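The values are calculated or read from the model by the stated rules, or taken from the named source; none is laboratory data. These numbers were taken from a predicted model, which means no experiment stands behind them. Here Cβ is always computed from backbone atoms with ideal geometry, including for glycine, and neighbour counts include all displayed protein chains. For accessibility, only protein heavy atoms count, side chains too; no ligands or nucleic acids. Shrake-Rupley method; radii C 1.70, N 1.55, O 1.52, S 1.80 Å.
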Amino acid sequence: MALTAKDVARLGELARIRLTDEELAHLAPQLDVILSSVASVQEVAAADVPPTSHALPLTNVFRKDVVTPSLPRDAVLAAAPAVEDGRFRVPRILGEEA
């Protein structure tokens, strides 16, 4: 079924897009090609073919999640430019009050 300029004009109305006659004549064949391509994909898809999100199977490439001890707080704070009450001291932002 070929998509006509009248069909495209109706789609434009539904999308609230104003199209000129030249744009309708230009878009109709392009949209027809797109619809034909989608139809050909639907013909290939069969009930025995499961849907996939990727062309190749993916495996988790991340390392195992292993609990390890963290750095000592004193060592971390020793590298900080400013410390206050055992925490990082940062400049006040956005006019916040204390």
Only one of Thr4, Thr68, Thr20 is at pLDDT 85 or above, surrounded by 11 or more Cβ atoms within 10 Å (Cβ to Cβ) and either in contact with a Lys or Arg (Cβ under 9 Å, 6 or more places away or on another chain) or among the β-branched types (Val, Ile, Thr) (or both). Can you tell me which? Thr4
Please find, among Ala25, Ala9, Ala39, Ala47, the residue that is open to solvent by 60 Å² or more (accessible area, probe 1.4 Å), among the hydrophobic types (A, V, I, L, M, F, W, C) and not in a loop (DSSP other than H, G, I, E, B). Ala25
For region 72-84, does any single residue satisfy the condition of being assigned to a helix (DSSP H, G or I), open to solvent by 100 Å² or more (accessible area, probe 1.4 Å) and not aliphatic (A, V, I, L, M)? yes
Please verify whether Ile34 is open to solvent by 70 Å² or more (accessible area, probe 1.4 Å) and either outside any loop (DSSP other than H, G, I, E, B) or touching a residue at least 60 places away in the same chain (Cβ under 8 Å) (or both), treating the condition exactly as stated. yes
